[in-house]
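Asks: One structure, as structure tokens, below. Some questions next.
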Amino acid sequence: MNIDTAFVFFILVAAIVVTLWKGFALLKRYRLITGTPTSKIRSAHQGYVEVIGHIIEGECGPLTAPLSGRKCVWYSYNISRLKSSGKTKSWHIEDSGKSDAWFQINDNTAIGLVDPAGAIVRTDNKRTWYGDTPHPNQSMNQTSGFDLSALFTKDLGGSRYRYQETLLFTHEQIYALGQFQSVGGGRHLPPIKKLSGEVVREWKQSYDDLLQRFDSNSDQKLDMQEWSNVQKAAHQEASKRRRAMEAAPTMHVLSCPSEKEHPYLLSTLDEEKLATRYGWYSVGALLLLIGESYLLFHLLAF
């Protein structure tokens, strides 16, 4: 096996490994979407769940998309510049980002908070347009999709920029698959002893204030009786805090699972369409694997 053949061999082996890994990941997402029952927010179990509802704004109100200026609850964007290297032209990302503000989902049984950090977002709310400045000019007439005419009418050898933006809007139906947790409403309350210890540690952060409150004989130290008074007061404060926790309303939170094998999906596509898309992705990965395997076999045979 000469050097060129060996190089192609290792490239094909690496491609097969990557395709296998990606194919199994896509297939697992398909099976999770089709096999996970839909839960209601009010009664969902704690753990990995599927929820379907409608998007509503977060407590801070709507966001403003950085490129288009449109109102939304979540955005992802990138700005790419067309660069030339000899006869080859390619797009290079110069700026990108995504929002991390929480928004909410309502399924008519309850409202849940959605933390978008770490989520795989699938939506058709995507826009691509082009311009000649590092940031799009909002006063210009923007076009959606692939602007073929612009590519022919502009000088591609000069400064050329591509803007891409993905958005989630209020009132859209959203499919969510992630880690569900309910907090508040008297759930998971720490014992009084633990809360009392936390209160004492807080008070010790300002020892002068602690002496001013409990040093009854003004000797600049706390004796046994004075320290007992500190503990009694801390117990009372801990009881007060625990009652406040009991009275706190229940909050339902959807976030990224800690287990890496469980994907965190947010999509405005309906469940059937999303599952079909991942099913076709899996079929595509299988066909690609067959092609790569055939090339490897052909290489080894000859």
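Asks: One residue is enough: does the range 15-27 have a residue meeting the conditions within 22 Å of Y264 (Cβ to Cβ), aromatic (F, W, Y) and touching a strand residue (DSSP E or B) at 6+ places or on another chain (Cβ under 7 Å)?
Replies: no
Asks: When the range 11-22 is examined, which residues are found to be at pLDDT 90 or above and not hydrophobic (A, V, I, L, M, F, W, C)?
Replies: Answer for the range 11-22, where residues must be at pLDDT 90 or above and not hydrophobic (A, V, I, L, M, F, W, C): just T19.
Asks: Consider K40 against the criteria (1) over 23 Å from G184 (Cβ atoms); (2) touching a residue at least 24 places away in the same chain (Cβ under 8 Å); (3) among the basic types (K, R): it satisfies all of them except one. Which criterion is unmet?
Replies: (1)
Asks: Residues of the range 49-90 being in contact with a Lys or Arg (Cβ under 6 Å, 6 or more places away or on another chain) and over 30 Å from E259 (Cα atoms), which ones?
Replies: Listed by number, the residues that qualify are P62, S80, L82.
Table: residues versus (1) under 30 Å from E50 (Cβ atoms); (2) among the aromatic types (F, W, Y); (3) at pLDDT 90 or above.
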{"position": "D155", "(1), (2), (3)": "no, no, no"}
{"position": "Y175", "(1), (2), (3)": "yes, yes, yes"}
{"position": "W227", "(1), (2), (3)": "no, yes, yes"}
{"position": "A233", "(1), (2), (3)": "no, no, yes"}
{"position": "A238", "(1), (2), (3)": "no, no, yes"}
{"position": "C256", "(1), (2), (3)": "yes, no, yes"}
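Asks: On to the next question. Tell me whether the range 8-16 contains one or more residues that are in contact with an Asp or Glu (Cβ under 7 Å, 6 or more places away or on another chain) and part of a strand (DSSP E or B).
Replies: no
Residue by residue, here is whether (1) in contact (Cβ under 8 Å) with a residue 60 or more places away in the chain; (2) surrounded by fewer than 17 Cβ atoms within 10 Å (Cβ to Cβ); (3) touching a strand residue (DSSP E or B) at 6+ places or on another chain (Cβ under 9 Å) holds:
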site	(1), (2), (3)
A248	yes, yes, yes
M251	yes, yes, yes
S255	yes, no, yes
K260	no, yes, no
A275	yes, no, no
S282	yes, no, no
G291	no, yes, no
L299	yes, yes, no
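Asks: Regarding G112, is this residue at positive phi, out of contact with any Asp or Glu (no Cβ under 6 Å at 6 or more places or on another chain) and modelled with pLDDT of 85 or more?
Replies: Judged against the criteria, G112 is not a match.
Asks: Does any residue in the range 1-20 that is in contact (Cβ under 8 Å) with a residue 12 or more places away in the chain and more than 20 Å from L288 (Cα to Cα) come within less than 9 Å, Cβ to Cβ, of a residue that is surrounded by 12 or more Cβ atoms within 10 Å (Cβ to Cβ) and of a type in the set (A, V, I, L, M) six or more places away or on a different chain, and which pairs are these?
Replies: Here the result reads T5/L299, each pair linking the range 1-20 to a residue that is surrounded by 12 or more Cβ atoms within 10 Å (Cβ to Cβ) and of a type in the set (A, V, I, L, M).
Asks: For the range 65-81, enumerate the residues that are assigned to a strand (DSSP E or B), touching a strand residue (DSSP E or B) at 6+ places or on another chain (Cβ under 6 Å) and farther than 16 Å from L266 by Cβ.
Replies: Correct list: Y77, N78, I79, S80, R81.
Asks: Of the residues S43, S76, S68, which is of a type in the set (S, T, N, Q), on the phi < 0 side of the Ramachandran plot and at pLDDT below 90? Break it down into steps so the answer makes sense when it comes.
Replies: On the way: S76 fails: at pLDDT below 90; S68 fails: at pLDDT below 90.
Checking each option against the conditions leaves just S43.
Asks: Return the residues of the range 160-198 that are closer than 30 Å to R242 by Cα and either within 17 Å of the chain's Cα centre (by Cα) or assigned to a loop (DSSP other than H, G, I, E, B) (or both); say none if nothing qualifies.
Replies: Result: G178, Q179, F180, Q181, G184, G185, G186, R187, H188, L189, P190, P191.
Asks: Taking into account only those residues within the range 50-64 that are part of a loop (DSSP other than H, G, I, E, B) and within 17 Å of the chain's Cα centre (by Cα), which is farthest from Q179 (Cα to Cα)?
Replies: E57
Asks: If I filter the range 199-223 down to residues being surrounded by 15 or more Cβ atoms within 10 Å (Cβ to Cβ) and under 43 Å from the mean Cα position of the chain (by Cα), which single residue comes out as nearest to Q104 (Cα to Cα)?
Replies: Ranking the qualifying residues of the range 199-223, first place goes to V199.
Asks: Same structure again: From the list T64, T36, pick out the single residue that is polar (S, T, N, Q) and more than 25 Å from E165 (Cα to Cα).
Replies: T36
The values are calculated or read from the model by the stated rules, or taken from the named source; none is laboratory data. None of these values were measured; they are calculated from a predicted model. For neighbour counting, all protein chains shown are included, and Cβ atoms are generated from backbone atoms with ideal geometry for every residue, glycine included.
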